[in-house]
Amino acid sequence: MKLSKRLFLGLAVGSTLATLPMSALAQDWEPTRPVDFTIMAGSGGGADQIARFVQSVVEANDMTNRPLIPTNRGGGSGAEALLHLKDARDPDHTLMVTLNSFYTTPIRQEGLGVDVEQFTPITMMGVDPFVLWVHKDSGITTFEQYIETVREMNGEYVMGGTGSGQEDSIVIAYMSGAYDLDIKYIPYDGGGAVAKDLAGQQIMATVNNPAEAKGFYEAGDFVPLLAFSDERMDAYPDVPTLKEKGHDFSYYNQRAIVGAPGMSDQAAAYYRDLFGKVYEGDDWQTYLVSESLSPLPMDEAETRAYWATQVENHRKLLSEID
Amino acid sequence: MEVLSFLASGVLTALEPINLGLILIGVTVGLFIGAMPGLGSVNGVAILLPITFLVPPASAIIFLAAIYYGAMYGGAISSVTLGIPGASTAVATTFDGRPLALQGRASLALVTAALASFVGGTVATVFFSLFAPLLATVALNFGPPEIFALMLLAFATFVGLGGDDIPKTIFSICFGLVLATVGFDTISGEPRLVLFDIQGFLRGIGFIVLAIGVYGIGEMLWTIEQTRGEITTTNPKMTVKGLASDAKEAVRRGWKGTWIGSLLGFFVGVLPAAGATPGSLMSYGVAKMVSKTPEEYGHGSPDGVAAPEAANNSASTGSMLPMLTLGIPGSPTTAILLGGMVIWGLTPGPRLFIDESEFVWGLIGSFYISNLAAVLINLAFIPLFVWMLRMPFTILAPLIFVLSIVGGFAASRSMHDLWLIVIFGLGAFFMRKFDYPLAPAVLAIVLGPIAEPTLRQSLLLSSGDPAIFFTRPIAGPITVIAIILILLPAIKLLRRKGRVATS
């Protein structure tokens, strides 16, 4: 009896060892509790949509043994989420879906003591470009006309955005500086509200992600004038970029999944494998196209380097705004 | 009559076996999620969103909308039976629902709530079917100055009511407004009033946290003090006959509130900024204002139950409208539905009615069916809920405490919120002892976060000139009415003095 048990155990161990190929590192760690999937924005926004999309793909294909639990921690422009990750008691089960407040909030709120470069890179799901939109009733169809109109209005041209220090305000600040524009900027609490007030012509122009303006664009209400991407966007081939206009500036919203600082290498490898599969799946690839996200696949080292340059860029951009 | 044929095919879609099954499940699940304090339609819809990837998009949104609906009905249940608002949308229901329950008329309150919800939901759906595109343009005409004017009007309905102690009402509103400013300031992009540097305040003070503290813990303490644990609040027997006579009484004494709630709630729900919670609070205020017997409010008026309940159902249908036609969520729950639609590959926005008319009309058809299902299921469960009240308060009190804590934690999974609930509960108990009205503070913390940014956005638009609230065609009249309502008590006072002087 005893013998057979030992024999059985030996066989079991032996066979495990035999079938232990290269992927061992990713295989031998699995979440042991539900995974905290923190979203650094409120419900309904771009980051929230992406988090819930990813969660549902994982759920639908039964890709994890423990569920991902999305929790919105958008307080303080993402400060709440950043602190939650920084102080995570169980870094191996704590992930976050980011936007660019990942860079801007620690710079603007130094008291938080958050250094994002200590966070663990997991997967870059894509980057979200920005586009300048006006309402069709304004009659403006080109960027040059827009510049002219803004100058004529002499400080009375009203644009809406998601607030000082937020992504679109950085873009608008750069554009205003480059073209010497005097714009009245009205902050709103989300990209959806901004788009709605452009549709109602409460404001005259916005800088929105394509996803937020798409419905109105397709209905013919919004006219895209300029893209702040590196190259012309597939969905808007006729819209010139700011780079074509001779200014070396592009700006994207980072849609990434990051892990808490101090996450173990095994856990990070597991999540990279998991979200890598999500990224390559048809669902996500379709989503990238329909929401006009640009792919920007990066490995760990590239991501770290990317973060370092982004932090530096944002520090510069923000210092120019304030 | 193109609309009718669309509608007919929509209702048929909703009656397909799979959809009908999902409606029944959704409404029932929603009813219980809504009845759980703290858990509201937002949580229900968010938790169940991933499940919907197993069925076609039309069925998925029908299911989620059914949950949304069911939760609106269910919210009233714990508001009435336990005095804890089941969801933020049901806070105003506690104002009169709880007193009715204490008088042993819980079943009347619940029947009123169910019937008002049904009327509210149905009226809103009819409007929705007939005027959706038109209403969408109205919503677009509401910019920051209009929304602010509307918020001012909402405050005015609470201040100008008279009867209550006005200085204390104003104090209570101001207290709520201060709490509403805690957190992150969108306009300047800076955190503010992060009390004692506690991280939890970065998120601001959640409305549901305040509501559970004030109405769950505070109410429990108050009842314990008043009764020393002696009472059992009961209406021991529930019969079909009793239910029928309650229904009759509900119709007789609650129809006015129901109509006000249905119309006002729908309108407020359609405006993208607001949603069902402000809608129900405003309807309560207006119903009280136009009532011939305002002194009954707060002491168990069926109208006071009917108005917010009709409004929250009506508003939840209304808030679907900007979501579908503009792609803008009118409430936190529709924000999640919107995310869902994107995931299902639909683009909400002006083209949705044209490109995906089958989907849209299937959804609208399901509103009718969901409403009918919800009211029947709700009525069927009322005896069960009333039965809960037969428990002695010595058992009920700890139950309320546990439900408040569990519900508060479930909503945000944060210990910080739990401490706040306890603190607000104690604070509310003392405010009540000193006779400060609590409802205005609750109203302020709901409306403050809408009123403050719109005020500042408007003033930014006008370069600081307050005339913007008077010169715009929609904002102007609303502002004037609001100011008259606020000044009404003062005018009454002057008149009375004048009369005394002449005599």
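Just need the relative contact order of chain A here, percent rounded to a whole number, with Cα pairs under 8 Å and 6+ apart.
Working: 539 pairs, mean separation 80.9, N = 322.
25 percent.
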Can you show me the helix-derived [θ] at 222 nm for chain B, built from DSSP H runs with n ≥ 4 at -39,500 (n - 2.57) apiece and divided by the number of residues, rounded to the nearest 500. -24500 deg cm²/dmol
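Quickly rank B:295-301, A:48-54 as a protection proxy: mean count of other C-beta atoms within 10 Å, highest first.
Working: B:295-301: 18.6, A:48-54: 26.3.
Those peptides, ordered most packed to least, come out A:48-54, B:295-301.
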When DSSP beta bridges are limited to those with both residues in the protein assembly as shown, what percentage is antiparallel, rounded to the nearest 5? 60
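When only Cα pairs under 8 Å and 6 or more residues apart are kept, what is the percent relative contact order across the stretch B:2-502?
Working: 1003 pairs, mean separation 142.0, N = 501.
Averaging sequence separation for qualifying contacts and normalising by length gives 28 percent for the stretch B:2-502.
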Label-reachable residues, the stretch A:152-167, where backbone N falls under 20 Å from a point 7 Å from B:Ser188's Cα toward its Cβ: A:161-167
Mind ordering A:193-205, A:137-149 by average Cβ neighbours within 10 Å, highest first? A:193-205, A:137-149
Nearest-ten-degree value, helix A:143-153 long axis tilted from longest Cα axis of chain A: 60
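If you count, for every residue in A:159-167, the Cβ atoms of partner chains within 10 Å of its Cβ, what is the mean?
Working: counts 0, 3, 0, 2, 8, 6, 3, 2, 0.
Partner Cβ neighbours, averaged per residue: 3.
About the Cα centre of the protein assembly as shown, how large is the charge dipole given +1 on each Lys and Arg Cβ and -1 on each Asp and Glu Cβ? Please answer in debye to the nearest 20.
Values: 50 positive and 71 negative charges, 783 e Å.
Once rounded to the nearest 20, the dipole reads 3760 debye.
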In the stretch B:390-499, the chymotrypsin sites (Phe, Trp or Tyr not before Pro) that sit in a DSSP loop and have at most 11 other Cβ atoms within 10 Å of their own Cβ are B:Phe434
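Between A:Asp180 and A:Lys245, what length comes free when the chain is fully extended (0.36 nm per residue of separation minus the Cα-Cα distance, one decimal in nm)? Present the calculation step by step, with values, prior to reporting the outcome.
Values: separation 65, 0.36 × 65 = 23.40 nm, distance 1.46 nm.
That pair, A:Asp180 and A:Lys245, stretches by 21.9 nm at full extension.
I want the antiparallel fraction of DSSP beta bridges within the stretch A:131-227, as a percent rounded to 5.
Details: 9 of 16 bridges.
Roughly 55 percent of the DSSP beta bridges within the stretch A:131-227 come out antiparallel.
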The helix A:167-179 Cα axis meets the longest alpha-carbon principal axis of chain A at an angle in degrees, between 0 and 90 and rounded to 10, of 40
Burial-style ranking of A:286-296, B:59-69, average other-beta-carbon count within 10 Å with highest first, yields B:59-69, A:286-296
Inter-chain shielding of B:454-462 (mean C-beta neighbours from other protein chains, 10 Å cut-off): 3
Would you mind checking the pairs A:Lys243/A:Lys316; A:Lys245/A:Lys316; B:Lys288/B:Lys497; B:Lys292/B:Lys433; B:Lys433/B:Lys497 and listing those with alpha carbons more than 24 angstrom apart? B:Lys288/B:Lys497; B:Lys292/B:Lys433; B:Lys433/B:Lys497
10 Å Cβ neighbours from other chains, averaged over peptide B:346-356: 4
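Run the numbers on the stretch A:131-227 and let me know its relative contact order in percent, using alpha-carbon pairs under 8 Å that are six or more apart. Write out the running numbers ahead of the final one.
On the way: 153 pairs, mean separation 44.5, N = 97.
Here the relative contact order equals 46 percent.
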Lys/Arg Cβ at +1, Asp/Glu Cβ at -1, dipole of the protein assembly as shown taken about the Cα centre: which of B:Ala116, A:Leu95, B:Ser245 is farthest positive-ward? B:Ser245
C-alpha long axis of helix A:265-280 to longest principal axis of chain A, angle in °: 60
How big is the dipole moment of the stretch B:210-350 about its Cα centre under a simple scheme where the beta carbon of each Lys and Arg is +1, that of each Asp and Glu is -1, and everything else is neutral? Debye, nearest 20, please. 360
Taking the Cα centre of the stretch B:2-502 as the origin, how large is its charge dipole in debye, to the nearest 20, when only Lys and Arg (+1) and Asp and Glu (-1) carry charge on their Cβ atoms? 1280
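FYI, it's all coordinate maths here, none of it is from the lab. All figures in this text were calculated on a predicted structure; none of them were measured in a lab. Cβ coordinates were reconstructed from backbone atoms using ideal geometry, including for glycine residues, and neighbour counts include every protein chain displayed.
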